[in-house]
Structures are given as structure tokens and as C-alpha cells.
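The values are calculated or read from the model by the stated rules, or taken from the named source; none is laboratory data. Everything numeric in this text was worked out from a predicted model, so none of it was measured. These area figures cover heavy atoms from the full protein model, side chains too; ligands, DNA and RNA do not enter into them. Shrake-Rupley method; radii C 1.70, N 1.55, O 1.52, S 1.80 Å.
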Amino acid sequence: MEETKDGQTSSHTQMDYNTVPENEDFPKPLSQPPPELSRQVEYDRAMRAEAAVKAGPALSRNEFIYEDEWMIAVNKPSGVYCEHVLSSIPELLASSPSSAGAANDVNPLELHLANRLDRDTSGVMVITKLHKIAGQLVKAFTDRKVRKTYLALCIGPAPKWNNIYIESGHGRSKFGAWRVYSRTDVGRILPGGTVVREMATHLKVLAVNANHRMHRDSVDKAQNSSQGIAFDLKEDRFATVGDNGSTDSIEKVVVTEQNSKAPGQDRDIVSSPNIRKNDEVLIRASPLSGRTHQIRLHCQYMGLPIRGDVKYEGPHIWKGITYANHALHAESLCFEHPVTNNMVKFHAPLPQWVMEAY
């Protein structure tokens, strides 16, 4: 990650952005910058996460989802750093001698994070026990061979679409904030010398104000299947693919400067979501690329910022309650086991806010 633990860019990066000539012709960001409130909120959340590091392990054995001699899958709590989770593992393994591949003088553990989650995002994380396994899994993530699903509780006018694929650019704006850019800007230089990169996400509405848009058995089936997203950029076709090979069409949105409104909504995507009647919208998100804050950015762009995600216009206070974290949960990971070559799928237990929203 290119951010420090408190969510701010490093000092040398800040200098790079702040010394950019004013007359440079850079791509125009199409999403709003972080509001002023986010500075204090992010600082407070970072301080709580730092205090948690000093308080002890980030999780217990109860958060272990899976373990074998090569890897561990855990349910990361919200509000803790990935590094805190990683540093907690040796103590947990040492307290359980029966752990597969437990460390000893002959075979010390080589723990490595196979995937990362934002501090306030909960859900599935995989930790490998050997360097060679870590390399294989990192390559699988890089090559987009890992299927990921997230659940997000969004606040905004209920969308008219149920199933949508959004493709855009992604990058840092002048002062270092991650922003959405036009798909046509991919490859263009940004302040600080980075470039706009492509970003693609599939979003599916599960419920609005706790009223289902999918039958419960359909949701359960999706959670227990290897359902994924198939797309062919050349053919311009996108579909969800089920276990039996069947497909459901998805509305496609390609973000450009000319496409300034979110589909099915009658307001500018960059206007505040708090000026209209808002709904609680439970969404399942499947990122098809691995960009920083990707789901959070695309939800913001679609006029559905995540509850508690102050950095991306999500309400800090909702229905009289102040939220300490954003409502984003890494629901599942599915990939080919690097040793057995079997397909494995890990599901994290659902947080209470998901159960209440569906």
C-alpha cells in the first residue's frame, strides 16, 4: 500500500503532489475529494487501531476460518490493521500445538499476507506459512485468478438497476487522494508521476431498506457456489456465470467525462448524497481488478457511498448513531490451492449489520 497507517501519504509523496506545476494538463477526477470532516475522523480511527496493537492480539482462534500446513484463512475484525493480524498469528499458533505446520526449530514459519484489507474492512484474509506459497498466491491475485466478493451497506437513493458492471480509471489526484477517472484517461500521467489505471467492479443489489431484491435461497446459493464474473472486453459482453454455466446479463457502465450521471438516477454523481431522501442499500461487490479503495470509490461514484466511509462521502452519523468504521465486509475468496490444486472457497461469518440489512 502507498499509504501510512493513518491513511495519509508519506512525506516525500506529499511533497511530490504539492510541487506539481499549476499549468500541467492532468486528467480530471470524476469523483469528489475527501471532505474536511474525514481528516479528524480518519485520525481518530487510526489512533484507536494503534491502541489496539498495544492491547494485545488482533484476533483469537475463534476467527480462524481454515488452516492447513501451508496457509490460514481468518476473519479479520474491523478497525485493525492487517499487520496487527499478521503479528498475532505466531502467538495463536504457539498456544495450539496441534496446528497444522506449527513452527519448530527445524521448520520455522514464514508468515506472509496473501491479501490485504483496509483497516476498517472486516472479512476473509489469507496468511501463508511458507515463502514459496506466498509467491504463488500473490501471483494468483496479480493475475486476477482469485474470485472475491464483498458486502457493503450503502446510503443513498435506491438505484433502478439491480445488476451492474462499472469500468473506469483509477488514480491519485493532485493532493494524493484516490479518485475515479474516465476510462479514456487510462495510461495518462497524474500528479506525482503515477498513471491512471483501469478499474472494474460488478455491483449487485441484494436489498433496499431490508426489503429483498433477491430471494433468500438465491443469496445462500450464490454464497455456496463458485459464481463469478465473465467478461470479454473485445466482444463488450459481461455476465454472471453460475455453476451450471448459465448467465444473467448485466448493465454495463463505462465512466467518461461525458457520462456524468449515475445510471437510473437523476442527480449529478458528484453532488452530496445527503440532500435527497436516502435508503439503505445492501450490495454485493465483486472487484475484477485490485485497485486501492476500489469498491469504496465505485460505490461513491454510483451515488451510494458506504455507511461510515467518511473519506468517500459516506455518512459518519446515520439514524442518530455515530459509526466508528465503514460497513464493508470481505465475504469470500475463491482460488486454486497452490499445493493441492483443488478449488477452495473461504467464507467469513456475516457481521450483524448484514443480517439486519437483509
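Here is how the numbers come out for the structure above:
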| item | result |
| --- | --- |
| Region 40-161 - percent of accessible surface contributed by carbon and sulfur, probe 1.4 Å | 52 percent |
| Amide hydrogen neighbours beyond the local backbone of residue 112, cut-off 5 Å, H modeled | 128 |
| Inter-centroid distance (Cα atoms) of region 158-187 relative to region 20-95, Å | 23 Å |
| Rotationally averaged projected area of region 294-343 (alpha carbon convex hull; nm²) | 5.0 nm² |
